[in-house]
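Student: Once you've had a glance at the structure underneath, I'll fire off some questions.
The values are calculated or read from the model by the stated rules, or taken from the named source; none is laboratory data. Here the structure is a predicted model, which means the values were calculated and not measured. Please note: Cβ atoms are built from the backbone with ideal geometry, for glycine as well, and neighbour counts cover all protein chains shown. All accessible areas refer to the heavy atoms of the entire protein, side chains included, with ligands and DNA or RNA removed. Shrake-Rupley method; radii C 1.70, N 1.55, O 1.52, S 1.80 Å.
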Amino acid sequence: KQVPPTTSQKMQQIERERAQKWNKMIGTEWETKYRTSDKLRKRVYKGIPNSLRGPVWSKIIALDSIKSKDIYERAKFLAREYSPDLMQIDVDVMRTLREHVHFRERYSSKQQALFHVLSAYSMFNKRIGYCQGMASVTGLLLMYLREEEEAFWALIALTNTKYQMHEMYTEDMNKFHLFTGHHCVLRERLIPKIDAHLKNNEVPETMYLAKMLVQLFFGVLPYELVLRIWDALFLDGPGVIMAASILIFKINRKTILSLESNELLEFLTVMGEAVKIDHDKFMQDLMLMVDELSKENILLPTETKAPNTYQLFQDFKASHEDNLQIGPYTIIFTISE
């Protein structure tokens, strides 16, 4: 008599079938059939298989199109001599993702990779240098992308391609303040009762929005849900951040309205696993909200564009013209505008 499969076995079989579909999608027909398809978008919001998250992110971000030979190794090499941010980066590396096994041990391979990526970035993009919020974002990239150099280019993609997160990490944090203001506008329009409650309790938006906007929800929501929001962010761009920041309030409406002052602020800043959210339902609602706000042309605030990767290459070249031929690496600038 044949023994019926257990629930665990059924789930494993479903995951294998999902992985097969995704492998096909990111294969030879990616550019011609899937990259801009509705099928890709629906599958992304349903969730990328964890085993394929790194390769899929790489495809969606188009990392191969922005990489340039030797830049990462040169930036890393120069950072050891010239970066003013190394001490702060080292301190922050020690306290990033400490609950995760790969980051727990001091000077583990992942801690070293995180230090390398952040220090190289601080040298490559001097308009930002280093900002503390970048550590957890980069740490999460390192957990899914195959090599530390891929995490470096993914960070550049986040700040200086279509994701336009550059001014979220500059000294004046202009984009953070811009997004905070727009969040408040949307909150007043879409969830007026919650908006009034927050205003009555004088809860400062910057206190709870920092982790949502700067750290891209890391440390605010359950880890698995953060990953799925990132899946959508890489596909649909920064409007996902804005929509998710509103949706969190809608879903937690009863809890938020039941709390006052300090308890309310504590809940908003460290929701974590305490938040009871159906992840699939959240992602379905997130896709609908992104679409609805886009149709009304209110998904994102009006803003200036961040410098593109070509401008960063030229800045880097100009800043280190005397050093580009020193040491084991020679930079060849082949990037085109």
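Student: Say whether the condition of being at pLDDT below 95, open to solvent by 10 Å² or more (accessible area, probe 1.4 Å) and part of a loop (DSSP other than H, G, I, E, B) is met by at least one residue in segment 178-186.
Tutor: No.
Student: Give me the residue from segment 104-147 that is basic (Lys, Arg) and touching a residue at least 60 places away in the same chain (Cβ under 8 Å) and, out of that set, nearest to PHE77 (Cα to Cα).
Tutor: LYS126
Student: Give the residue that is modelled with the lowest pLDDT, with candidates limited to residues of segment 96-122 that are over 21 Å from TYR144 (Cβ atoms) and open to solvent by 20 Å² or more (accessible area, probe 1.4 Å).
Tutor: The selected residue is TYR107.
Student: For segment 38-57, how many residues meet the condition of being of a type in the set (S, T, N, Q) and crowded, with 20+ Cβ neighbours inside 10 Å?
Tutor: Going through segment 38-57 one residue at a time, the tally reaches 0.
Student: Quick one: which residue in LYS162, LYS199 is outside any helix (DSSP H, G or I) and either open to solvent by 30 Å² or more (accessible area, probe 1.4 Å) or of a type in the set (Phe, Trp, Tyr) (or both)?
Tutor: Just a single option satisfies the conditions, and that option is LYS162.
Student: Another question about this same structure. Of everything in segment 134-144, what is open to solvent by 10 Å² or more (accessible area, probe 1.4 Å) and either in contact with a Lys or Arg (Cβ under 7 Å, 6 or more places away or on another chain) or in a loop (DSSP other than H, G, I, E, B) (or both)? Give them in sequence order.
Tutor: Selection gives TYR144 alone.
To keep it simple, each residue is scored yes or no on (1) open to solvent by 10 Å² or more (accessible area, probe 1.4 Å); (2) aromatic (Phe, Trp, Tyr).
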{"position": "PRO204", "(1), (2)": "yes, no"}
{"position": "TYR208", "(1), (2)": "no, yes"}
{"position": "VAL226", "(1), (2)": "no, no"}
{"position": "VAL240", "(1), (2)": "no, no"}
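Student: Of all residues being farther than 19 Å from LYS46 by Cα and not in a helix (DSSP H, G or I) in segment 217-244, which is modelled with the lowest pLDDT? Just the residue, please.
Tutor: Selected residue: GLY219.
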